[in-house]
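All remarks here apply to the structure that follows.
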Amino acid sequence: MTLKRAVLRFVAFVSVRSSNPELLRAQFSALSRLIPLLYFVLVANAWVLGIAFIHHAPIWLSVYGPLVLTGVCLLRVVLWWRKRHVAVTDQRVVSELRRANVLAGVLGAASSAWALSLFPYGDAYAQSYVAFVLIVSALGTMFCLAHLCSAALAVATVGGGFFICFFLATENPIFVAMTVNVLLVIGVSVVVILTQYRDFVRMVNASTEAMSREREQSRLLRMIDDMPVAVMTVEPDTLNINYANETSKRLIRRIEHLLPLKADDLLGTCIDVFHRHPQHQRRILADPANLPHNARIKLGPEVLDLKVSAVTENDGAYIGPMLTWALVTKEVESEQRILQMAHYDTLTGLPNRATFYEELERRLSTPGNRVGLLFVDLDGFKLVNDTRGHRIGDTLLTQVASRLRAACNTPATMVGRLGGDEFAVLVPHDNAEETEALARRVIEALGVPYDLDYDRSIQIGASIGMALAPRHGETGEALLSRADMALYAAKAAGKGVSRMFMPEMETRIQDRIRLEGKLRATLETREGLFVFYQPIVAINGDVVTAREALVRWYHPQRGWISPGEFVPVAEQSGLIDQLGAFVLDAACREAAGWADGARVAVNVSASQLGKGTLVCAVQDALAVSGLMPGRLEIEVMETALLGDEQEIIAELNSLRSFGVRVALDDFGTGYSSLAHLRAFPFDKIKIDGSFVRDAVERPDCAAVVQAVATLGRRLGVSTVAEGVETQAHLDRVREEGCSEVQGYLFSRPQPTDRDAPMVEELNRAEARKRQARQNQVPA
Ligand code: C2E
Ligand code: MG
Ligand code: MG
């Protein structure tokens, strides 16, 4: 077993194994250098031996033998010489070494056999000389082949074998003794060769390892050099840079103008040049316990992100700090931008709702702090945004923001944009007079016309609700909601005004909520809901062309409530569709019975349009009542056209397509855009009552009434003057060219004959209640 293992190990040791290509190459290269020497020894020894026997042995032995050997050796040397510059592959190395192994055995055997064949022709001296040549040739060859141990052993085995067998067979005591000596010498030589070979293998392996480590190191260094991260190492004592990768140099080149050094002089420079206060950095780097350490360094407009880590030996000994760093200017900019976007409104740059609210809460949570809050809402912004486009709307908001900033530039006053056209101002006191004065200044500043477009300036207004802390609320939420209530009151008071929160406002909001509940219930039962009709007459006053259906609501507690109050509640609560359908059905049914064949005009809110439900509701009402579509007129306000214009126009067009007429209501109160008159072919334009009344006093209003009337005539559209209360109004609008009139001068809105007794009864009840209340009031 052990013998087998030993043989296997021997075979492995001497065989040419391709598993270690570096060793094989080293063997090949060493052998290549020694092969000419080897052949020289062989050939020279053969010739000297052959010449020594030239007169004793036959010529074919003494001359031809060396000649053949010389030929073979020359052939090998020439072949070797020709291929010495050709790049050898691993495979070729292996095959060459294997060939050398075989050749060593074959040549050893052939040359030994040739030398021994001369033996019988010589005397004792010559025979001893043959033995001598044999042994020196074998030893010389073995040493020449020392790097290819297998070949050297083959020579030793073959040459030694021939020698021993031959000379032992002579039974000459001298030759037997010589054999023993040769055995010893060959044995020792084999040991020496094996030892040298092992050293050679070790040396080759060590150098291979060193080379691969060196390759690995230079690869690593190249990788670090090419890394997208800048790396520098510094001397721990002096903090002088002793290594900087290419990225470091490239980055330094970019910021060279900010530093007192050049990228090419980086090595040997102290890292203090990067810091304004190097002592602090030095203190940190002095102690490896502080590492890793991160820092951001500002260098002019650039920002450096620096990470310092400790480089240690395998045993943990501190070698020095390593700095990895990057230029993060762009990242820092984006970070700041994101921060800005999260806290500030992108359009105006003002603090956004969240930031404003946070600041409000912060101030309120500071004990003893007093705060004033102004809730600013723009009047007419939506109109501008919808009609002039969002670009103009955005520019307008930016200008509003800068006017607000200018009007509120006192210390600790904060302006924020809460969203859309809502802004807020936070003041550091709860002085009502000062807050109201500021509100007036803001309203005045925002009311000055804005020069946004090349063709005309734009004017909007602002309403402001105010609340003071701690008087009106102690939390941000309470204060905001109260300022919002005050704003609602300001809007209700006619816009362009400011209102300070009052507890009654809260009651009003609650009233509104109660009103909504009551309206919802009323719409279920329809008790107390009526439709009154007001005639619209031709300008000469003799023909009623139409009657406008106007909804009325009698509230059991509050009496008659104006549609001006409950229609907006219905619009905001979504009850308007139900209310609208009630009026539409009632009006169509009623008009179907009118003997004079007058049309009926039904008001439709903007919030009923654009939902795709109106056309069906109208068709249903016409179908149920049997009213001819041509006798129904739908009145829409100009603002209804400002929503989703295309859809609304399509809806109105489809109404017109089956004969229903469409009138533009309250022209003059809204945007008064002639563009709207052209956008849709209205059948009638109703000029608002306030406008009509102003026309008597103000020539400019009269001119507009005239312009609309003229435009109506040109378009073949009738123009109705609303709110005609006096003969003067009638004369004026007749003069300006209106074709029809509506107003108290002719008739107030009246209930139907069917409703009249009930309305009468309710009015009487109302009068009694009024009387009772008056009686309760002490004289
Ligand atoms: P409108 O459509 O412009 O209706 C005309 C308003 O002017 C009516 O007020 C009418 O009573 C009033 N009026 C008529 N002649 C005169 C006058 O000579 N002098 C004055 N000072 N006023 C006059 P009312 O009925 O209070 O309606 C107010 C508004 O409520 C209506 O304005 C309309 O926009 C809305 N409204 C009324 N009924 C409905 C309805 O059924 N549906 C919808 N969506 N809105 C309605
Ligand atoms: Mg109307
Ligand atoms: Mg009107």
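So which residues in region 589-626 are assigned to a helix (DSSP H, G or I), out of contact with any Asp or Glu (no Cβ under 9 Å at 6 or more places or on another chain) and either away from ligand 1 (no atom under 16 Å from the Cβ) or of a type outside the set (D, E, K, R) (or both)? Give the steps one after another, and end with the answer.
Initially, region 589-626 is screened for residues assigned to a helix (DSSP H, G or I), giving 589-592, 606-608, 614-625.
Checking which are out of contact with any Asp or Glu (no Cβ under 9 Å at 6 or more places or on another chain) leaves us with 589-592, 616, 618-619, 622-623.
Residues satisfying the conditions are ALA591, ALA592, CYS616, VAL618, GLN619, LEU622, ALA623.
What is the number of the single condition among (1) within 56 Å of the chain's Cα centre (by Cα); (2) modelled with pLDDT under 95; (3) more than 16 Å from ligand 3 (Cβ to nearest atom) that ASP542 does not meet?
Going through (1) within 56 Å of the chain's Cα centre (by Cα); (2) modelled with pLDDT under 95; (3) more than 16 Å from ligand 3 (Cβ to nearest atom) one by one, ASP542 breaks only (1).
Among the residues of region 692-706, is any within 16 Å of ligand 2 (Cβ to nearest atom) and part of a helix (DSSP H, G or I)?
Yes, region 692-706 contains a residue that is within 16 Å of ligand 2 (Cβ to nearest atom) and part of a helix (DSSP H, G or I).
So, of the residues in region 566-581 that are touching a residue at least 40 places away in the same chain (Cβ under 8 Å) and within 16 Å of ligand 2 (Cβ to nearest atom), which turns out to be nearest to ALA546 (Cα to Cα)?
Here the residue is LEU579.
Any residue at all in region 604-617 that is without any contact (Cβ under 8 Å) to a residue 40 or more places away in the chain and in contact with a Ser or Thr (Cβ under 9 Å, 6 or more places away or on another chain)? It would help to see each step written out before you state the result.
The first filter runs over region 604-617 and keeps only residues without any contact (Cβ under 8 Å) to a residue 40 or more places away in the chain, leaving 604-608, 611-613, 616.
Subset that is in contact with a Ser or Thr (Cβ under 9 Å, 6 or more places away or on another chain): 606.
Yes: one or more hits.
Within region 507-571, considering only strands (runs of 3 or more DSSP E) that don't extend past its boundaries, which have at least 3 residues that are touching a helix residue (DSSP H, G or I) at 6+ places or on another chain (Cβ under 7 Å)?
On the way: elements: 529-538, 544-555, 559-561.
In region 507-571, 529-538, 544-555 are the strands (runs of 3 or more DSSP E) which contain 3 or more residues that are touching a helix residue (DSSP H, G or I) at 6+ places or on another chain (Cβ under 7 Å).
Quick one: is VAL717 within 16 Å of ligand 1 (Cβ to nearest atom) and of a type in the set (A, V, I, L, M)?
Taking the combined requirement at face value, the residue does not satisfy it.
Would you pick out the residues in region 482-508 that are more than 23 Å from ILE460 (Cβ to Cβ) and either touching a Leu at 6+ places or on another chain (Cβ under 7 Å) or crowded, with 19+ Cβ neighbours inside 10 Å (or both)?
ARG482, PHE501, MET505 - these are the residues of region 482-508 that are more than 23 Å from ILE460 (Cβ to Cβ) and either touching a Leu at 6+ places or on another chain (Cβ under 7 Å) or crowded, with 19+ Cβ neighbours inside 10 Å (or both).
Looking at region 645-660, can you tell me whether even one residue there is more than 16 Å from ligand 3 (Cβ to nearest atom), farther than 25 Å from ALA538 by Cβ and at pLDDT below 80?
Within region 645-660, one or more residues are more than 16 Å from ligand 3 (Cβ to nearest atom), farther than 25 Å from ALA538 by Cβ and at pLDDT below 80.
Within 29 Å of PRO411 (Cα to Cα), out of contact with any Lys or Arg (no Cβ under 9 Å at 6 or more places or on another chain) and surrounded by 20 or more Cβ atoms within 10 Å (Cβ to Cβ): does that describe VAL376? Full working, then the answer.
Details: within 29 Å of PRO411 (Cα to Cα): yes; out of contact with any Lys or Arg (no Cβ under 9 Å at 6 or more places or on another chain): yes; surrounded by 20 or more Cβ atoms within 10 Å (Cβ to Cβ): yes.
So VAL376 passes the test.
On the basis of being in contact with a strand residue (DSSP E or B) (Cβ under 8 Å, 6 or more places away or on another chain), in the same structural domain as SER718 (by TED's automatic domain parsing), closer than 30 Å to ARG734 by Cβ and surrounded by fewer than 20 Cβ atoms within 10 Å (Cβ to Cβ), does VAL543 make the cut?
Details: in contact with a strand residue (DSSP E or B) (Cβ under 8 Å, 6 or more places away or on another chain): yes; in the same structural domain as SER718 (by TED's automatic domain parsing): yes; closer than 30 Å to ARG734 by Cβ: yes; surrounded by fewer than 20 Cβ atoms within 10 Å (Cβ to Cβ): yes.
Criteria met by VAL543.
Run ARG526 past the list (1) basic (Lys, Arg); (2) near ligand 1 (Cβ under 8 Å from one of its atoms); (3) on the phi > 0 side of the Ramachandran plot and report the number of the one that doesn't hold.
Unmet condition: (2).
Kindly indicate the residue of region 724-773 that is small (Gly, Ala, Ser) and not in a loop (DSSP other than H, G, I, E, B) and also farthest from VAL537 (Cα to Cα) among those meeting that condition. Let's see the steps before the verdict.
Of region 724-773, the ones small (Gly, Ala, Ser) are 728, 737, 739, 743, 747, 756, 765, 767, 772.
From what's left, not in a loop (DSSP other than H, G, I, E, B): 728, 756, 765, 767, 772.
On the way: ALA728: 16, ALA756: 22, ALA765: 33, ALA767: 31, ALA772: 40 Å.
Only one residue fits best here, namely ALA772.
From the list GLU477, GLU444, which one is in a helix (DSSP H, G or I) and closer than 30 Å to ARG391 by Cβ?
Numbers: GLU477 fails: closer than 30 Å to ARG391 by Cβ.
Sole residue among the options that is in a helix (DSSP H, G or I) and closer than 30 Å to ARG391 by Cβ: GLU444.
Identify, by number, the condition in (1) surrounded by fewer than 22 Cβ atoms within 10 Å (Cβ to Cβ); (2) within 16 Å of ligand 2 (Cβ to nearest atom); (3) more than 56 Å from the chain's Cα centre (by Cα) that GLU722 doesn't meet.
Every listed condition holds for GLU722 apart from (1).
Could you pull out the residue among ILE634, ILE687 that is within 11 Å of ligand 1 (Cβ to nearest atom), out of contact with any Phe, Trp or Tyr (no Cβ under 6 Å at 6 or more places or on another chain) and under 25 Å from ASP386 (Cα atoms)? Talk me through it step by step, then tell me what you get.
Working: ILE687 fails: out of contact with any Phe, Trp or Tyr (no Cβ under 6 Å at 6 or more places or on another chain).
Going through ILE634, ILE687 in turn, the sole match is ILE634.
Has region 13-25 got at least one residue that is assigned to a helix (DSSP H, G or I), at pLDDT below 75, surrounded by 12 or more Cβ atoms within 10 Å (Cβ to Cβ) and over 60 Å from the mean Cα position of the chain (by Cα)?
Start the filter on region 13-25 by keeping residues that are assigned to a helix (DSSP H, G or I), which leaves 13-14, 21-25.
Subset that is at pLDDT below 75: 13-14.
Filter again for surrounded by 12 or more Cβ atoms within 10 Å (Cβ to Cβ), leaving 13-14.
Applying the additional criterion that residues be over 60 Å from the mean Cα position of the chain (by Cα) yields 13-14.
Among the residues of region 13-25, at least one is assigned to a helix (DSSP H, G or I), at pLDDT below 75, surrounded by 12 or more Cβ atoms within 10 Å (Cβ to Cβ) and over 60 Å from the mean Cα position of the chain (by Cα), which makes the answer yes.
Within region 766-774, does at least one residue satisfy the condition of being crowded, with 19+ Cβ neighbours inside 10 Å and either in the same structural domain as ASP683 (by TED's automatic domain parsing) or at negative phi (or both)?
First, pick out the residues of region 766-774 that are crowded, with 19+ Cβ neighbours inside 10 Å: none.
No, region 766-774 contains no residue that is crowded, with 19+ Cβ neighbours inside 10 Å and either in the same structural domain as ASP683 (by TED's automatic domain parsing) or at negative phi (or both).
Of all the residues that make up region 627-640, how many are more than 16 Å from ligand 3 (Cβ to nearest atom) and either assigned to a loop (DSSP other than H, G, I, E, B) or under 27 Å from LEU383 (Cβ atoms) (or both)? Don't jump to the end; show me each part of the working.
Step one: filter region 627-640 for residues more than 16 Å from ligand 3 (Cβ to nearest atom), giving 627-632.
This time we only want the ones that are either assigned to a loop (DSSP other than H, G, I, E, B) or under 27 Å from LEU383 (Cβ atoms) (or both), so: 627-628.
Residues meeting the conditions: 2.
Here is a check on your reading of the model: is PHE167 over 20 Å from TRP47 (Cα atoms) and assigned to a helix (DSSP H, G or I)? Talk me through it step by step, then tell me what you get.
On the way: over 20 Å from TRP47 (Cα atoms): yes; assigned to a helix (DSSP H, G or I): yes.
The answer is yes for PHE167.
Read through the list (1) over 21 Å from ALA606 (Cβ atoms); (2) away from ligand 1 (no atom under 16 Å from the Cβ); (3) modelled with pLDDT under 85; (4) surrounded by 16 or more Cβ atoms within 10 Å (Cβ to Cβ), then give the number of the only condition that GLY712 fails.
The failed condition is (3).
Considering only region 605-644, state which residues are acidic (Asp, Glu) and in contact with a Gly (Cβ under 9 Å, 6 or more places away or on another chain).
Just the residues of region 605-644 that are acidic (Asp, Glu), to begin with: 620, 633, 635, 638, 644.
Passing the criteria: GLU638, ASP644.
The values are calculated or read from the model by the stated rules, or taken from the named source; none is laboratory data. It should be emphasised that the depicted structure is a prediction, and the values quoted were computed from it without experimental measurement. Every residue, glycine among them, receives a Cβ derived from its backbone with ideal geometry; neighbour counts consider all protein chains shown.
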